[in-house]
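Everything on this sheet refers to the single structure shown next.
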Amino acid sequence: MTHRNAFLAVLGVCLLGACGVPCDMLEDKICDELGEADCKVWKETDAPAALRSGRRAAKGCFNALTGPTFDAHIQGAKAMVEAQKAVNAS
């Protein structure tokens, strides 16, 4: 699927009232990269809620689904997981 086609698909979903879809997709993709156990820890940090904050959250999530922006999200999520594990262990 091209970037343009993906955008049109997301736009269509938004018009149907489900504009959180790109953020749901980003959350799922991050969890796939982290694995089930680390995903659960990541969700304890309320990071998924931060993905959805702001007026342009859906656009931001859509833009973060690929490339360097996604890589940055993964690195941040991994750091959050490690920090949360340290907090949980203390």
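The values are calculated or read from the model by the stated rules, or taken from the named source; none is laboratory data. The structure displayed is predicted, hence computed values, not measured ones. Reconstructed Cβ throughout: ideal geometry from the backbone, glycine too, with neighbour counts over all protein chains shown.
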- Task: State all residues of the stretch 44-69 that are in contact with a helix residue (DSSP H, G or I) (Cβ under 8 Å, 6 or more places away or on another chain), farther than 12 Å from C23 by Cα and assigned to a helix (DSSP H, G or I); if no residue qualifies, say none.
- Result: E44, T69
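Of all the residues that make up the stretch 27-44, how many are aliphatic (A, V, I, L, M) and loosely packed, with under 15 Cβ neighbours inside 10 Å? Can you show your working first?
Quick first cut of the stretch 27-44, residues aliphatic (A, V, I, L, M) only: 30, 34, 37, 41.
Right, trim to loosely packed, with under 15 Cβ neighbours inside 10 Å and you get 37.
Number of matching residues: 1.
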- Query: When both residues are 6+ apart or on different chains and their Cβ atoms are under 6 Å apart, which pairs have a first residue that lies in the stretch 11-30 and is under 17 Å from S53 (Cα atoms), and a second that is at pLDDT below 90 and among the basic types (K, R)?
  - Reply: C23/R52
- Query: Got a number for residues in the stretch 20-68 being farther than 24 Å from Q84 by Cα, more than 12 Å from the chain's Cα centre (by Cα) and among the small types (G, A, S)?
  - Reply: 2
